[in-house]
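Read the figures in this text as sums done on the coordinates, not as results from a lab. Remember, it's a predicted structure, so these values are computed and weren't measured experimentally. For neighbour counting, all protein chains shown are included, and Cβ atoms are generated from backbone atoms with ideal geometry for every residue, glycine included.
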Amino acid sequence: MFLKKLMIWIGLFTCTTVMAQQRPYYTQYIMNNYIINPAVAGIENYWDAKASHRLQWVGLQDAPVTTYFTIHGPLSKSAYDRESATSFHASGDNPRGDAYWRDYTSVEPHAGVGFTVLNDRTGPLNRFAAYGTYAYHMGISPSTSLSGGVSVGFTNMSLDASKLNFGGTTVDPAVAGSGVINRIKPDISAGLWLYSKDYFLGLAAQQIIPQQLAFSDNTVYVQNGKLLPHLFLSAGYRMQMTDDISFLPSALVRYISPLPIGFDVNAKFQYQDLVWAGASYRYQDGFAAIVGLNINHNINIGYSYDVQTSTLNTVSKGTHEILIGFLLGNKYGDWCPRNLW
């Protein structure tokens, strides 16, 4: 029994170490900052719904698969919103050019709400989570706004004992027959988001409350696991390169004690309010290419492909991630967000 406990614990520890963090990675988080920072909820004057599916390290057995759905919007729509150049999408000058941004003003004080449901599976481990979010936005200068938000929900961590693999050693039938063991934990995230027409700066903390995690039944007993806080610092800047093309560099820094600090660097080029392409580099992990299209003022889609620079590249065929967005209640027909880019 002691050997059995030890082997299961080592297997779970190895899995956690390989993943390097307990929360999933997202390549296209720049297209849905809400998945990282709850303060983003309600930032636009319509409801923003996003669905994403990520196949990580394709070709590697039991590699991570992450699927999520998010939706957020303002509790009450602004009475000051109006038709703009992007409402009509006329040919000619860029509807999101210099003339458009000269009229940019900070937001009216308002509240936003959101909801997230997420499933992240890696081998025998599965994490299902659901959260509700409340955020508040206010202008702090004529062209700068600040928001704060908090998400509260639960995480269900499950272990499928039938999928435990000990490198060729025969698994005790009693262990394999234990089925799925579930552990439900409360989960809280919080964040701040500073934004204007030219930049954003965000700070978020996920899984704020450290918690012990153990799986046990009459046969399987795994101890000494712990859910750790995750800190994220994000920043981006918008530059108009030509009348039609904007350049949007950004970065994300993550910290999970006791791991080293990790970071992503992104570069996104957008043509008018129609199409974008970019690249991303994740430190000591790999590169990614990203493309996206605003199909109309209600639907947009993005795709990314990651290539690993680590030894995983010898067995993995890369990572695929697709993201589909829906702009609900977009009364004035803007083809792309005003406060998120």
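Quick look at the values:
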quantity: Paramagnetic reach from Lys317 (point 7 Å along Cα→Cβ, amide N under 19 Å) across the range 110-131; calculated: 123
quantity: Mean Cβ count within 10 Å, highest first, over the residues of peptides 41-48, 302-309; calculated: 41-48, 302-309
quantity: Nonlocal amide H pairs with Ser143, under 5 Å, H built at 1.01 Å; calculated: Ser106
quantity: Hz values of 3J(HN,Hα) by residue in the range 58-67 - Karplus curve (6.51, -1.76, 1.60), Gly and Pro given as x; calculated: 4, x, 9, 4, 6, 5, x, 10, 10, 10
quantity: Peptide ranges 259-269, 146-156 listed from the most packed, as the mean C-beta count within 10 angstrom indicates; calculated: 146-156, 259-269
quantity: Alpha-carbon spread of the range 242-340, three principal axes, descending order, Å; calculated: 47, 30, 28
quantity: Efficiency of FRET from Cβ geometry, Arg102 and Lys163, R₀ 56 Å, rounded to 0.05; calculated: 0.45
quantity: Fully extended contour minus Cα-Cα distance, from Phe263 to Ile295, at 0.36 nm per residue; calculated: 8.4 nm
